[in-house]
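The values are calculated or read from the model by the stated rules, or taken from the named source; none is laboratory data. The structure displayed is predicted, hence computed values, not measured ones. Methodologically, a virtual Cβ is constructed for each residue, glycine included, from the backbone with ideal geometry; neighbour enumeration extends over all protein chains shown. The protein model used for the area step is the full one, side chains on, heavy atoms only, and it has no ligands, DNA or RNA in it. Shrake-Rupley method; radii C 1.70, N 1.55, O 1.52, S 1.80 Å.
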Amino acid sequence: PRRKEQENYFKYSQLARWNNEGPNNNNATLNENYAKTERFVWVKATEDGMVWPKEGEQWGCPDPDNPFENILPMNETEWYQKDLFGLKTAQEAGKNYFEQFVGDHLQFSMEDFDRWITTYLMETNGNDEHIRIEEQEEATTKLL
């Protein structure tokens, strides 16, 4: 939001509460829950006509000082720099993965989808079978 609208944004926006933005939005449970996730895959559609700015699909946002001319990358946003909900912590822990595809909103190919799933959410066992990473971790924990 533009700076002159920030007070209303902080007061009335569900997004502001989810992002722990604003003076009265400080929910430590959001950070704790965010930290429980092992990996995040952020996929940007390079021609997205639904999400503006499309860089928001990878946590970029309009520059509050010049929102129509400048889009901030994730690491220059307030929620990243202040680690308002755990995004910076996740990045420093190597949990964030970034992908993109040429196309409009959700118009990725099934080949891309399958590649993202097998790359980030599955591993192969010794028999070249794909298993969920969580299943592999559970099995490893039981062995220890």
- Task: Would you please name the residue that is farthest from residue 16 (Cα to Cα), looking only at residues in region 41-91 that are open to solvent by 50 Å² or more (accessible area, probe 1.4 Å) and of a type in the set (Asp, Glu)?
- Result: 47
- Residue within region 15-38 that is touching a residue at least 12 places away in the same chain (Cβ under 8 Å), exposed (fewer than 15 other Cβ atoms within 10 Å of the Cβ) and among the aliphatic types (A, V, I, L, M) present: yes
